[in-house]
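Asker: Below: one structure in structure tokens.
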Amino acid sequence: MTSSTAITPPAATNLTGKIALVTGGSRNIGCETAAELARQGADVVVTYHSSAAAAAEVVDELERSGRRAAAIQVDLTGTGALDRFVDDVRAQLAAWDAEGLDILVNNAGTLRIATFDAVTEDDLDAIFETNYKSLFFLTQRLADVINDGGRIVNLGSGTAEIAFAPLVSYGPVKAALHSLTKYLAAHFGPRGITVNAVAPGGLDDDFNALLFDEIFPPARDYIRSNTAVGRIGMPADIGGVIGFLATDAASFVSGAVLPIDGGYRL
């Protein structure tokens, strides 16, 4: 193709002036998402549960890139810590002289690996309390903190659409989250706030390390051989798509659940 008009790539500062909150931002998808949002110009607050050192390292890296960054400790199992956490978020926004959040990435989650006959009530409670209930009520309590025209992105999962026996307590809860995403898109739409979910396939990260390394060692090769692009996903693959959903370019995308799996089982 020839053209007399030069094509200028978009600037990597689409989110300049925006404030983002990424839950579970100290590692894996959360860390990569925070980095991508900062790369595009956003200031970022990340949460962590117990990895204070990892969270501090993320904050240092974001600040070295020229962005403002902060980390807030919170246990997002259920709702017990939400009131204090929302107060902490408001305090951080005040410290930055910011009116509210522009981007909320609901990434924090937990995993239990067991087939149906071995799942315990504690397993199912932990998955539901962290991956659904906490997200539901955190979003509810932050609703008046999120600016009109903002972005909400939920971390779904490809396991919501397939039956992989060791994740029987995980996949169905993610399916409920996919449905909730559509409900939230309808609820927040009148304010110009988009709500979407990303649904990763199997990723090579420490969230899946137990599954890949001990419970089902052939997993990596199995995923590669059943994926159109011929490789397993990495957290940065997900962070990049979340970064896009946070921009104005995605302002007409809402209520979507985007599979990010390299074409798994096509």
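Asker: Taking +1 at the Cβ of each Lys and Arg and -1 at the Cβ of each Asp and Glu, which of 54, 190, 240 sits farthest along the dipole of the chain towards its positive end, judged by Cα position relative to the Cα centre?
Answerer: The residue sitting most towards the positive pole is 190.
Asker: A follow-up question, please. Say each of residue 54 and residue 163 gets a label point 7 Å from the Cα, pointing the same way as Cα to Cβ; how far apart are those two points in nm?
Answerer: Taking the two extended label points, one gets 3.3 nm.
Asker: What FRET efficiency would be calculated for the residue pair residue 63, residue 117, taking the C-beta separation as r and a Förster radius of 45 Å, to the nearest 0.05? Provide the component values of the computation, followed by the final result.
Answerer: Working: r = 49 Å, r/R0 = 1.08.
For residue 63 and residue 117, the calculated efficiency is 0.40.
Asker: If I take the Cα coordinates of the stretch 164-266 and project them onto the principal axes, what are the three extents in Å, biggest first?
Answerer: Result, largest extent first: 47, 28, 25 Å.
Asker: List, in order, the whole-Hz ³J(HN,Hα) value for each residue of the stretch 29-44 obtained from phi through the Karplus relation with A = 6.51, B = -1.76, C = 1.60 and θ = phi - 60°; use x for Gly and Pro.
Answerer: 4, x, 5, 5, 5, 4, 5, 5, 4, 5, 4, 8, x, 7, 8, 10
Asker: Where in the stretch 14-64 are there trypsin sites (Lys or Arg not before Pro) that are in a DSSP coil and have at most 14 other Cβ atoms within 10 angstrom of their Cβ? Please report the intermediate quantities before stating the final value.
Answerer: Values: sites: 18, 27, 39, 64; in loops: 18, 27.
For trypsin sites (Lys or Arg not before Pro) across the stretch 14-64 that sit outside H, G, I, E and B with at most 14 neighbouring Cβ atoms in 10 Å, the list is empty.
Asker: Something else about it: Around residue 71, which amide H atoms from residues at least 5 apart in sequence, or from another chain, sit under 5 Å from its own amide H, with H modelled in the peptide plane?
Answerer: Sorted by chain and number, the residues that satisfy this are 46.
Asker: For the chain, what's the relative contact order in percent, using C-alpha pairs closer than 8 Å and at least 6 residues apart?
Answerer: Details: 500 pairs, mean separation 48.8, N = 266.
Relative contact order for the chain comes out at 18 percent.
Asker: Determine ³J(HN,Hα), in whole Hz, for all residues of the stretch 70-78 in sequence, where each value follows from phi through the Karplus function 6.51 cos²θ - 1.76 cosθ + 1.60 and θ = phi - 60°; x replaces Gly and Pro.
Answerer: 8, 10, 10, 7, 7, 9, 8, 9, x
Asker: Additional query: Residue-wise, which Karplus ³J(HN,Hα) couplings in Hz belong to the stretch 110-122, taking 6.51 cos²θ - 1.76 cosθ + 1.60, θ = phi - 60°, and x for glycine or proline?
Answerer: Computed from phi, the couplings for the stretch 110-122 are 9, 9, 10, 10, 5, 6, 3, 6, 10, 5, 9, 4, 5 Hz.
Asker: Also, quick follow-up: Only loop residues by DSSP count here, and only those with at most 15 other Cβ atoms within 10 Å; note down the chymotrypsin sites (Phe, Trp or Tyr not before Pro) in the stretch 183-266 that meet that.
Answerer: On the way: sites: 183, 188, 207, 212, 222, 244, 252, 264; in loops: 207, 252.
Here the chymotrypsin sites (Phe, Trp or Tyr not before Pro) that fit, given the DSSP loop and packing criteria, are 252.
Asker: When the chain is fully extended, how far beyond the present Cα-Cα distance does residue 221 get from residue 179, taking 0.36 nm per residue of separation?
Answerer: Full extension from residue 221 to residue 179 adds 12.0 nm.
Asker: With a Förster radius of 51 Å, plug the Cβ-Cβ distance of residue 90 and residue 213 into 1/(1 + (r/R0)^6) and report the FRET value to the nearest 0.05.
Answerer: Working: r = 41 Å, r/R0 = 0.80.
E between residue 90 and residue 213, to the nearest 0.05, is 0.80.
Asker: D for the stretch 19-260, whole µm²/s, Stokes-Einstein with Kirkwood Rh over alpha-carbon pairs at 10 °C and 1.306 mPa s: what number?
Answerer: On the way: Rh = 18.1 Å.
Rounded to a whole number, D works out at 88 µm²/s.
Laboratory data are not the source of any read-out in this text; all were calculated from the coordinates shown. Since we're looking at a predicted model, the values are computed, not measured. Reconstructed Cβ throughout: ideal geometry from the backbone, glycine too, with neighbour counts over all protein chains shown.
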